[in-house]
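Data block below; observations after.
The values are calculated or read from the model by the stated rules, or taken from the named source; none is laboratory data. What you see is a predicted model; the values in this text were computed from it and never measured. In this analysis, Cβ positions are derived from the backbone assuming ideal geometry, glycine residues included, and neighbour counts consider all displayed protein chains. Calculation scope for accessible area: heavy atoms of the full protein, side chains included, ligands and nucleic acids excluded. Shrake-Rupley method; radii C 1.70, N 1.55, O 1.52, S 1.80 Å.
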Amino acid sequence: MVFYTGDPHGDVTEIVEFCRQMRLQPSDTLVILGDVGANYYLNERDKCVKEQLNNCGPTILCIHGNHECRPARISSYVLHDWNSGQVYVQPEYPHVLFAMDGEVYTLEGRDHLVIGGAYSVDKYYRLMRGFRWWPDEQPDKATKVKVEQRLADRNWHVPIVLSHTCPFKYEPTEAFLPGIDQSSVDDSTERWLDTIDDRLTYDTWYCGHWHINKRIEKMHFLFHEFEAAPEL
């Protein structure tokens, strides 16, 4: 089985309990739609998160968010082939996989395109207080080219899209953080995703980032809720 959820930010208690209740096994997959919190502090605290995820039952597929270091920056991660794509994994946590942007993974017979990353509206708050922030939090030009080429090769059709943020047209304005000047927010990733959404045919698009549970047509926002992949 395949399940989707979003943005635990290092508190995986609900995820562990869900996996226990569902009796999930390594043959099952739980997708976390970014801001996992497993590569944020880059110390023992992160290891605790990864140990919990690694031992909770299923294979965990993590999408890149905007509150975490990319695995490519961390020397202990290696690339493995997995379900028709490549993932980053640390050998000591074999059930915790980090997706590579632009890869397409086949899960339970459905292809899933991954587009991670987003802009941090709390960027300056974090920098002023010495908290961690990474300049490559958003997809770069090479990633965008890769995504568009993958989709062109598939005639702009893929059943499932997994992203951290959403296309601009679907932004849930009710979830905007108070006190943030929206004119200062870099929404280039969301506007690029708009161009993808305009051309792409898909069944479902899952995203996190906005800390809201909501559906707009085929767009599913998830935060502290779990959704099962529809049956084929």
Here are E51, E68, E14: which of them is of a type outside the set (G, A, S), under 25 Å from V185 (Cα atoms) and in contact with a Phe, Trp or Tyr (Cβ under 9 Å, 6 or more places away or on another chain)? E68
Please pick out the residue among G116, G130 that is open to solvent by less than 10 Å² (accessible area, probe 1.4 Å) and among the small types (G, A, S). G116
Every listed condition ((1) in a helix (DSSP H, G or I); (2) surrounded by 19 or more Cβ atoms within 10 Å (Cβ to Cβ)) holds for R20 save (2)
Flagged in the range 34-67 as under 11 Å from the mean Cα position of the chain (by Cα) and among the polar types (S, T, N, Q), in numbering order, are N66
Inside the range 23-110, counting only strands (runs of 3 or more DSSP E) that do not spill past its ends, which hold 3 or more residues that are open to solvent by 70 Å² or more (accessible area, probe 1.4 Å) and farther than 21 Å from C207 by Cα? 78-82
Go through (1) touching a residue at least 24 places away in the same chain (Cβ under 8 Å); (2) open to solvent by 50 Å² or more (accessible area, probe 1.4 Å); (3) within 30 Å of M22 (Cα to Cα); (4) more than 14 Å from the chain's Cα centre (by Cα) and name the single condition H211 misses. (4)
Selection from the range 86-122 of residues within 21 Å of L232 (Cα to Cα), touching a Phe, Trp or Tyr at 6+ places or on another chain (Cβ under 9 Å) and not hydroxyl-bearing (S, T, Y) yields D111, H112, L113, V114
Report, by residue number, each residue of the range 19-40 that is of a type in the set (S, T, Y) and closer than 30 Å to W133 by Cα. T29, Y40
Considering the range 16-63, residues that are of a type in the set (S, T, Y) and free of Cβ contacts under 8 Å to residues at least 40 places away in the same chain, and then whichever is nearest to V96 (Cα to Cα), we arrive at T59
Being open to solvent by less than 30 Å² (accessible area, probe 1.4 Å) and β-branched (V, I, T) is the filter here, so list the residues in the range 190-208 that pass it. I196, T204
How many residues are under 13 Å from H164 (Cα atoms) and either in contact with a strand residue (DSSP E or B) (Cβ under 6 Å, 6 or more places away or on another chain) or without any contact (Cβ under 8 Å) to a residue 40 or more places away in the chain (or both) if we restrict to the range 102-116? 3
Quick check on K169: is it open to solvent by 50 Å² or more (accessible area, probe 1.4 Å) and in contact with a helix residue (DSSP H, G or I) (Cβ under 6 Å, 6 or more places away or on another chain)? yes
Can you find a residue in the range 40-53 that is within 19 Å of T165 (Cβ to Cβ) and touching a helix residue (DSSP H, G or I) at 6+ places or on another chain (Cβ under 9 Å)? yes
